[in-house]
Structures are given as C-alpha cells and as structure tokens.
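Everything below concerns the one structure shown next.
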Amino acid sequence: MSIPMHQACDFVLFGAKGDLAMRKLFPALFQLDKANLLNPKSKIIGVARTEHDQAGFVEAVKETLDRFLKAGEMSDAEWQRFAARLDYVQVDMTKPEDFKKISAKLDASRVMVNYLATPPSVFGDICKNLSSAELINEQTRIVLEKPIGHDLASSKVINDTVATYFKEDRIYRIDHYLGKETVQNLLALRFANNLFGSQWHNSAIDHVQITVSETVGLEGRWSYYDKVGQMRDMVQNHLLQLLCMVAMNPPSKLDADSIRDEKVRVLKALHPITSENVTKRAVRGQYAAGSINGSAVVGYAQEDGAQKANSNTETFVSLRVNVDNWRWAGVPFYLRTGKRMPAKMTEIVIVYKNNPHFIFDPKQRDIVNNRLVIRLQPEEGIRLHVVTKQLDLQQGMNLQNRALNLNFGEDDPNHRTPDAYERLLLESMVGDQSLFVRRDEIEASWAWCDQLIDAWKEVGDEVKPYNAGTWGPIGSIALIERDGRSWHE
Ligand code: BG6
C-alpha cells in the first residue's frame, strides 16, 4: 500500500545541538529522506543557543550521521540531498526578538512543525515567543518530548501552558515506545486475528507479564535520574503505554481519538496501589556492584557524578497491577523494569489458562503452558508456545512444548527495523496523532503513579539492593511467586 505524500513542512527542531537531536532525531530524519518519505519541499531548521553559521551546523549534522549511521548507510548523493534541507538559527529561547530570525526561514506554503527536544522548563518560553512572533496559525503543530511533568500537578502546568497557544489536535506528545514496530504490530495481532482477538480476556488469559530491561546504568545522567527514578522515567510512560496497548478494548476505528479513548479507559481502570497494599503489589530496587556480560560494573552510589552514598532512588521497579473492568477482572499484569539487568529486552508475555480438565499423564501437567511472547526488542517477533505430541513410538502420549516462531527480521535478510523516532517524526509531519499521547492519558497515568509513589513515602519504603547483572531484588521474584506464578525466562 503506498502512502500519499504529506504536505511540505518546515520542521523546526528546538534543541538541535542536544544529545537527543544528534543521537536520534537527525539520523531518523536522514533515514526518512533516504526512504523517499519526506516531502521533497520540506525543510529542517535547527534551532539552538550555540553560535554556528549554516556551514558549521551542516558539518555538525554530518559528523553525527557518520557516527550514528551504520557503515555504508549514507551515500554522498543521499547526504547532499539531506544537507540541502538543513538550515540553522541561533536563538535564545527566552528572547522574543530572536524568534523573528526563525520567521525569516519559513514559507507560508509549508506546515510548521515545532519539535521541542528541550527541557520542559523552556516549553512555556518557546510557545510564548512563537506566538509573539506570530508564528502560530491553525496549522502549526508542536511536538513535545518527555518528561511532561514530574507528577500530576506539574504535568498539568505544562499542559495548561502549551494549551494557551495550541489546540490539543495540534499537540503531539512523544512516548517513543509507541513508535516501535512491534507495538504497532500489537494492533494488527489483536484486531486482525480472530484467533487472538476472540481469546483476549479473563476466560482465556491467566496473567500478563511486561518486562523492559536494560543493561546500561546511568551513563552520566546520575544527578538528573536521582530526582526521577525508574517509576517516573519508565513506568509512568513506556510501561503503562504498553499495558494500555495490551489491555484496551478494540477501538471502533483506527483513528487517533478512537485508540486514545480506549487507552484512557484502561488507565482510569487501574486498581490503585496505596499504602494499604503497596508492600504486596510493588517492589523497588537499586543496583549494587556486579557484572554485566562478564565485565565488572559499579553500583548506583559509585556511578560517575553520584552525589550521595545513600540515595533512596529506585533503578528497578516491579509491580502487580490489576485492571478493574469486565475483560480483565482477576487477571494480574506483572510489570518489571530496571537498569543494569542481564539483558536489554522488551517483552510482553500473555500466559493462557490451562484447560479445565487434564486427560494426559498428570506428571506432564507442567509442560502444558500456552504462552504468546511478543518481543519488541531486540529481534522483534512473536512466539506462540503450543503443546504437541512428541514424534515417537513410545507407549502413551508424550507431550512437548514447542514454539511457533515469527521472527520479523528473518523474513528479509536486508531488513532494517526502523527506529521508533523515524515513525514518530513521520507521523508528526503527516499529522496523524494515533501514536502520540493525549493530555487525558498523561494525566490519568500521573494520577495513578502519584498515588503509588506517595504510598511508598507513607510506608517509608527503602530500595532493596540487587547485584548488577541480575533480574532485580529477591522481592520481585516473591511478588509473582506468591501467586503461584513465575517470571518468563
Ligand atoms: C527513555 C528513558 O525514555 O527510554 C531512558 O529516559 C531509557 O532512561 C530509554 O534508557 C530506553 O529506551 P529504549 O528505546 O532504548 O528501550
């Protein structure tokens, strides 16, 4: 299916010299251009405080592409075409007069898409100054990077400020997990396959597990991260978004608001975790020294830039979450996410109930375990564990658990999984909000997380240590084993 080309854009990238822009956004924009997905007339205007002439900025982008693209991914002709789109404006975000310089670069025939890869503290200034330079019209869009707030109150302040200048249907809040191929594939899996669609509820499913693990530590971000922790950095956004994609009811249509309406319903149905139940439902951990892939690594308190030896900030969270609705009553969702774990992996596991009556040798009961494993990264794919008879002439029926395996990368040896940002940048230019987070979603998610974070404070929860290179504190294993279940290996 070919996609009609979107209207030409002036893609204005605030924070163009920052880490995100250099590491992720310029490589993603280049890949879109290379794949002929950018309108030939679209321009990319970098905006930052750094003093640069046009040539110096283009050179900096070239360096970043050389560094972050794979060898051979960029030909000279491709680079020349991309470079011709680039422009640069030096702007102090707090100075209204500087925004006139942006205006000189724009063309009224193009839609202005403002991408704020800046700290949220300057979102307000940027919006105000775009407005006073008369750069906002009915078409103008704004794309916001996380974090949108630290809690519900601060996210409301940011949302209110942005809403003064932009209508909700022009605001694109990024959660880059929604741009990952397999997350979108979840929609296809659930809503295009009756086999799964008809068995997606508490009569068929025993429980769901969502794991987002990383091997990295803080990589120079200690002082920022210590004020945030894994609950705000990963659970409030990425894990809850994945949970929504698994748990939502089928939207009546595939448009942005139908999908987001269903996700909000899930967020509002999350059973509160309060001081009453927090010790049974949630575990916080912090990594101590250990080893990852055979190399020794230091603990959280010894990381570069660590400012205190006894921080109570969590680098690991595991939760048992219930969704209080008809479809999911009695089906726990176990979530876990952490830094310095044994592998970098994002996986959703749907564990099915067993048949009510077992007619085979009771000793084989443990083999029977239908699971649908949805792998987001690495090696995107879907595996369905099914039970079959072993091929042999032995007496009786010897069962085995085998996997039907769908490995997306294997189908095409030249396959390249697009980075999540490629999809999201493209959608922001096309003007489709389906993969962006609506205000009520982010606020419902903060409301639930705030309650949990407050509960930890109320009960005086202390982080539990785990050695780097392990799957988190022992309490995380107990959290699921208490229910007679175990984490998927
Ligand atoms: C970011 C978090 O949102 O996601 C980081 O702030 C985390 O702490 C990153 O490392 C993980 O993203 P990915 O795509 O590498 O799984």
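Each value in this text was obtained by applying a stated rule to the coordinates, not by laboratory testing. Note that the structure is predicted; figures quoted are calculated from it, not measured. No Cβ is skipped: glycine too gets one built from the backbone with ideal geometry, and neighbour counts run over all protein chains shown.
For ILE292, nonlocal amide neighbours, meaning residues 5 or more places apart or on other chains whose placed amide H falls under 5 Å from its own, are VAL297. In terms of Cα atoms, the Rg and Dmax of the chain work out to 24.1, 86 Å. Directionally averaged projected area (the stretch 316-444, Cα convex hull): 13.4 nm². For the residue pairs LYS34/LYS62; LYS180/LYS344; LYS280/LYS339, the alpha carbons lie more than 18 Å apart in LYS280/LYS339.
When the Cα positions of LEU25, PHE360, ASN293 are compared along the charge dipole of the chain, PHE360 comes out farthest toward the positive end, with charges on each C-beta of Lys, Arg, Asp and Glu. Straightening the chain between ARG221 and ASN467 buys 86.6 nm, computed as 0.36 nm per residue apart minus the Cα-Cα spacing.
Mind putting a number on the dipole of the stretch 159-287 about its Cα centre? Charges go on the C-beta only, +1 for Lys and Arg and -1 for Asp and Glu, and I need it in Debye to the nearest 20.
Numbers: 16 positive and 15 negative charges, 36 e Å.
That gives the stretch 159-287 a dipole magnitude of about 180 debye.
Largest first, the three principal axis extents of the alpha carbons in the stretch 103-161 are 39, 19, 18 Å in whole numbers. Karplus-based coupling profile of the stretch 91-99, in residue order and whole Hz: 9, 8, 4, 8, 9, x, 5, 5, 6, with θ = phi - 60° in 6.51 cos²θ - 1.76 cosθ + 1.60 and x standing for Gly or Pro. Whole-Hz Karplus values for the stretch 69-81 come out as 8, 6, 4, x, 7, 10, 7, 5, 5, 5, 5, 4, 5 Hz, taken residue by residue from phi with 6.51 cos²θ - 1.76 cosθ + 1.60 and θ = phi - 60°; glycine and proline positions read x. Per-residue 3J(HN,Hα) values for the stretch 55-63, derived from phi via the Karplus relation 6.51 cos²θ - 1.76 cosθ + 1.60 with θ = phi - 60°, read 5, x, 5, 4, 5, 5, 5, 4, 4 Hz in sequence order (x marks Gly and Pro).
Helix 420-430 and the long axis of the chain differ in direction by around 50°, with both axes built from C-alpha atoms. Candidates TRP222, MET245, VAL212 compared by Cα position along the dipole of the stretch 209-268: farthest toward the positive end lies MET245, with charges placed on Cβ.
Consider all pairwise Cα distances in the stretch 49-167 and report the whole-number % of them above 24 Å.
40
Cβ crowding within 10 Å ranks ASP432, ASP98 as ASP432, ASP98, fewest other Cβ atoms first. Each residue in PHE408, PHE358, PHE333 was given a count of other beta-carbon atoms within 10 angstrom of its own, and listing them fewest first yields PHE358, PHE408, PHE333. In this structure, the amide hydrogen of ILE205, modeled 1.01 Å from its nitrogen in the peptide plane, lies closer than 5 angstrom to those of LYS353, counting only residues at least 5 positions away or on a different chain.
Mean separation of Cα pairs under 8 Å and 6+ residues apart, divided by the residue count of the stretch 121-171: what relative contact order is that in percent? Intermediate results must be reported in sequence, preceding the final value.
Working: 27 pairs, mean separation 25.5, N = 51.
Relative contact order, the stretch 121-171: 50 percent.
Summarising the label geometry, the points placed 7 Å from Cα in the beta-carbon direction at GLU138 and THR279 lie 6.0 nm from one another. The residue list ALA35, ALA8, ASN325 was ranked by how far each Cα lies along the charge dipole of the chain toward its positive end, using unit charges on Cβ atoms, and ASN325 comes out on top.
Given +1 on the Cβ of Lys and Arg, -1 on the Cβ of Asp and Glu, and no further charges, what dipole in debye does the chain carry about its Cα centre, rounded to the nearest 20? Please report the intermediate quantities before stating the final value.
Working: 60 positive and 64 negative charges, 155 e Å.
With Lys and Arg at +1 and Asp and Glu at -1, about 740 debye.
Charging the Cβ of each Asp and Glu at -1 and of each Lys and Arg at +1, and nothing else, the dipole of the stretch 326-402 about its Cα centre rounds to 340 debye. The H on the amide N of THR118, modeled in the peptide plane, is under 5 Å from the matching H of GLU145, each at least 5 residues off or on a different chain.
Which value in deg cm²/dmol, rounded to the nearest 500, describes the helix-derived mean residue ellipticity at 222 nm for the chain, given -39,500 (n - 2.57) per DSSP H run of n ≥ 4 and division by the residue count?
Working: 15 runs with 146 residues, N = 489.
Roughly -8500 deg cm²/dmol at 222 nm, from the helical runs in the chain.
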